[in-house]
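The values are calculated or read from the model by the stated rules, or taken from the named source; none is laboratory data. What you are looking at is a predicted structure, and each value in this text was computed from that prediction instead of being measured. Here the Cβ is made from the backbone with ideal geometry for all residues, glycine too, and neighbour counts use every protein chain on show.
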Amino acid sequence: MTTFRLISLPTHAAIELLAGFALMALPLLLGVSVPGSAAAFIAGAILVGVAFGKAVESVPVRRQHDTDWGIVFGLLGAALVLGIGGEPIAMLVFTGAAVVQLSLNLVTRYSLAY
């Protein structure tokens, strides 16, 4: 399993930062309604904050791992709620963000060694 851990935690944080900014901007570009855009902006801001926490190493590695998995399940839950609420584009945006975060989680080497 460790052979698949290809990227370091700072690289993970950089990609997560880009994903957070994309999550904030993409619904506006795709014409998602106000509730879907607001939810995406809040979720994107959380992703950016988590990425900055990794960049300055202010949080223990185990807590970063747990937070990353919480983000995946939170994004999937938000996608489900938005889908039930009749926001198919927002649902796809949140599902895509969850897939990106899941992919990052699966290829990240959660250790302080770079």
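A few comments on the model shown:
- Total residues in region 1-34, condition part of a helix (DSSP H, G or I) and either farther than 18 Å from residue 76 by Cβ or at pLDDT below 90 (or both): 19
- Unmet criterion (only one of (1) part of a loop (DSSP other than H, G, I, E, B); (2) touching a helix residue (DSSP H, G or I) at 6+ places or on another chain (Cβ under 6 Å)) for residue 58: (2)
- Only one entry of 44, 96 meets the criterion of being surrounded by 15 or more Cβ atoms within 10 Å (Cβ to Cβ), touching a residue at least 12 places away in the same chain (Cβ under 8 Å) and closer than 29 Å to residue 8 by Cα, and that entry is 44.
- Residues that are farther than 15 Å from residue 108 by Cα and β-branched (Val, Ile, Thr), drawn from region 51-67: 56, 59
- Candidates 75, 9 - the one that is in contact with a strand residue (DSSP E or B) (Cβ under 7 Å, 6 or more places away or on another chain), within 17 Å of residue 106 (Cβ to Cβ) and crowded, with 18+ Cβ neighbours inside 10 Å: 9
- Count of region 77-90 residues which are part of a helix (DSSP H, G or I) and either more than 14 Å from the chain's Cα centre (by Cα) or within 19 Å of residue 49 (Cα to Cα) (or both): 9
- Out of 36, 85, sole residue that is in contact with a Leu (Cβ under 7 Å, 6 or more places away or on another chain), farther than 22 Å from residue 12 by Cβ and surrounded by 13 or more Cβ atoms within 10 Å (Cβ to Cβ): 36
- Every residue from region 72-93 that is under 13 Å from residue 35 (Cα atoms), in contact with a helix residue (DSSP H, G or I) (Cβ under 7 Å, 6 or more places away or on another chain) and of a type in the set (A, V, I, L, M, F, W, C): 78, 79, 82, 89, 90, 91
- Hey, residue 42 among the hydrophobic types (A, V, I, L, M, F, W, C) and modelled with pLDDT of 90 or more or not: yes
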